[in-house]
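Asks: Here it is, the structure, as C-alpha cells.
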Amino acid sequence: MTGAVKRGVSTLGSLLLTLFGLTVLTFFIGRVMPTDPVLAAVGDNAPQAVVERVRAEMGLDQPLYVQFGHYLNQLLHGDLGRSVLTSNSVTSDIARFFPATMELATAAILIAALIGIPLGVWAAVRQGSWLDQSIRVICLAGHSLPVFVLALLSLLLFYAVLGIAPGPGRQDIIWQDMIPQVTGFLTVDSLLAGEYDAFRDALAHMAQPVCILAYFSMAYITRMTRTFMLNALSGEFVITARAKGLSSRRVIWRHAFPTVAVQLVTVLALTYAGLLEGAVVTENVFAWPGLGQYLTTSLMNADMNPVVGATLLVGTVYVLLNQLADLLYRLCDPRVK
C-alpha cells in the first residue's frame, strides 16, 4: 500500500470516527436536555395516559442504547425526525432554511477575503506605520465588539434613524413566495426568474447582516494574513529576491504571498464554517429566516428534533470543511506529507 493510499485511508477513518463521535454527542444532547420533548408535543396539561402513549410512540420509553440504534438507522435514511413546531420533517425544514444561512455566509466570506487579505498584506509590508496601526485598531474593534451590538446599532442607525435601509427580514412582503426556489439563494433565484426588482430588494435586505458578518470575519482574516506575511517577509528567499534587485511588488506578490496563500486556505475554510454556525445572533436580530433563527425558535419551544438535527448538520459541515482545508493544504504545498 502506497503512502498516498495509507494517508487517504487514515484520513477517511479519522473523518468517519469524528462524524460518529459528533453523532453520539448530538444524540445525548437531545436526551440530557432538561426539557421533555413529549410534553412539548402534547402540552403540560395532557392526561398522563396520553403522555405515556406519545412517549412510547416516540420510542423514549426504551433503553438509551436501543434509542441510539433507532437514531442511527434514521440518520442513515436521512430522517431527522419531525418538528413539533412546524409539523414538517426536520430534513425538509433544514433544506428550506439552510440556503438562507449559506447565502449570508457565502457573501460575507467573499467580502471578508477580498478586503481582509490585501489589508493584512499591506499591514505587514508597512509594519509599524500609521497604516499598520490603523488596520490593527480596526481588526481589534471587529474582534472586541459583540456581533449583536453591531447588528442592533446598524439596524437602529440605517433603518430607524436614517431610513436608507430596509427593515428586518429577507425580502419585502410584496415578494413573499413570489420567486421560485431553484438554488435557495434568493439573489440567484430572482435573477434566474428575471425579477430584477426582487434581486435589488434581496440585495438591500442582505446588505446589513452581510456587512456585520463580513466585518467580524475580515478582522480575523486580516490579522492572520498579517502574521503569515510577517513570517514570509523575513524569510531568506525574500531577502535573496530583494538582493537581486526585484521590485517590491514582485517580491511581495510573486515570492512572499504564494507561501501565505497556502496557509490562508485553512483560515478561510474554518472562517466560512464559523459563519455557518455563528450567524445565529445576526439572523435573530435581522429576522433572517435561516438555520440560526430556526434553531433558536426550536430551542425556545423545547422542540428538540430540530435542535439536534441543526446541531448535527452544522457540526458535520464544520468537520467536512476542516478536512477539505487539510486536503487543499496538502495539494497546494507538496512539502506537507
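The values are calculated or read from the model by the stated rules, or taken from the named source; none is laboratory data. None of the values given here were measured: they were computed from a predicted structure. Quick reminder, even Gly has a Cβ in these numbers, built from the backbone with ideal geometry, and neighbours come from all protein chains shown. Please note that ligands, DNA and RNA were not included when accessible areas were found on the heavy atoms of the full protein model with its side chains. Shrake-Rupley method; radii C 1.70, N 1.55, O 1.52, S 1.80 Å.
Asks: Per residue of the range 212-227, in order, report the coupling 6.51 cos²θ - 1.76 cosθ + 1.60 (Karplus, θ = phi - 60°) as ³J(HN,Hα) in whole Hz, putting x for Gly and Pro.
Replies: Running phi through 6.51 cos²θ - 1.76 cosθ + 1.60 with θ = phi - 60° gives 4, 5, 5, 5, 4, 6, 4, 4, 6, 4, 4, 4, 5, 4, 4, 5 Hz.
Asks: Could you check how much of the accessible area of the chain is carbon and sulfur, as a whole percent, using a 1.4 Å probe?
Replies: Roughly 65 percent, rounded to a whole number.
Asks: Using only alpha carbon positions, build the gyration tensor of the range 48-111, then give the equivalent ellipsoid semi-axes as the square roots of 5 times its eigenvalues, largest first, whole angstrom. Don't skip to the end; give the middle numbers.
Replies: Details: eigenvalues 222, 45, 16 Å².
They are 33, 15, 9 Å, listed from largest to smallest.
Asks: So what are the radius of gyration and Dmax for the Cα set of the range 113-194, in Å?
Replies: Looking at the range 113-194, its Cα Rg and Dmax stand at 19.0, 53 Å.
Asks: Okay, next question. Post the alpha-carbon centroid distance, the range 165-237 to the range 256-329, in whole angstrom.
Replies: Computed from Cα coordinates, the inter-centre distance equals 15 Å.
Asks: Which angle between 0 and 90 degrees, to the nearest 10, do you get for helix 48-57 versus the longest principal axis of the chain when only C-alpha atoms count?
Replies: Tilt of helix 48-57: around 50 degrees.
Asks: Continuing with this model, one more query. Applying the Karplus parametrisation 6.51 cos²θ - 1.76 cosθ + 1.60 with θ = phi - 60° to the phi angles of the range 60-74, what ³J(HN,Hα) value in whole Hz is obtained for each residue in order, glycine and proline being reported as x?
Replies: 7, 8, 9, x, 4, 5, 5, 4, 5, x, 5, 5, 5, 4, 5
Asks: Once you put a point 7 Å from the Cα of Leu331 and another 7 Å from the Cα of Leu60, both along the Cβ direction, what distance in nm separates them?
Replies: Inter-label distance under the simple model: 4.5 nm.
Asks: Beta carbons within 10 angstrom, averaged per residue: use that to sort the peptides 248-261, 91-104, highest first.
Replies: 91-104, 248-261
Asks: Under a 10 Å cutoff between Cα atoms, tell me which one of Ile221, Ile109, Ile138 has the largest fluctuation in the Gaussian network model of the chain.
Replies: Of Ile221, Ile109, Ile138, the Gaussian network model singles out Ile138 as fluctuating most.
Asks: Follow-up. Taking the Cβ of Pro99 as the center, what net charge do the other residues with Cβ under 14 Å away carry, scoring Lys and Arg +1 and Asp and Glu -1?
Replies: On the way: positive: Arg96, Arg170; negative: Asp93, Glu103, Asp189, Glu283.
Cβ neighbours under 14 Å give a net charge of -2.
Asks: So how many Å³ per residue does the convex hull of the Cα atoms of the range 65-181 work out to?
Replies: Output value, Cα hull per residue: 227 Å³.
Asks: If you take the Cα atoms of the range 224-337, find Rg, then find the Kirkwood Rh from the mean of 1/r over all pairs, what is Rg/Rh?
Replies: My calculation puts Rg/Rh at 1.21.
Asks: Next up: Check which residues have an amide H placed less than 5 Å from Arg82's amide H, if you skip close sequence neighbours.
Replies: Val90
Asks: Shifting gears a bit: What does the charge count near Val125 come to, summing +1 for each Lys or Arg and -1 for each Asp or Glu among other residues with Cβ under 11 Å from its Cβ? Intermediate results must be reported in sequence, preceding the final value.
Replies: Numbers: positive: Arg126, Arg226, Arg249; negative: Asp132.
Here the count lands on +2.
Asks: Let me ask you something else. Quick check: convex hull of the Cα atoms in the chain, volume per residue, rounded to a whole Å³?
Replies: Convex hull volume per residue, Cα atoms: 192 Å³.
Asks: Given a 1.4 angstrom probe, what's the average accessible area per residue across the range 92-332, in square angstrom?
Replies: For the range 92-332, the solvent-accessible area averages 49 Å² per residue.
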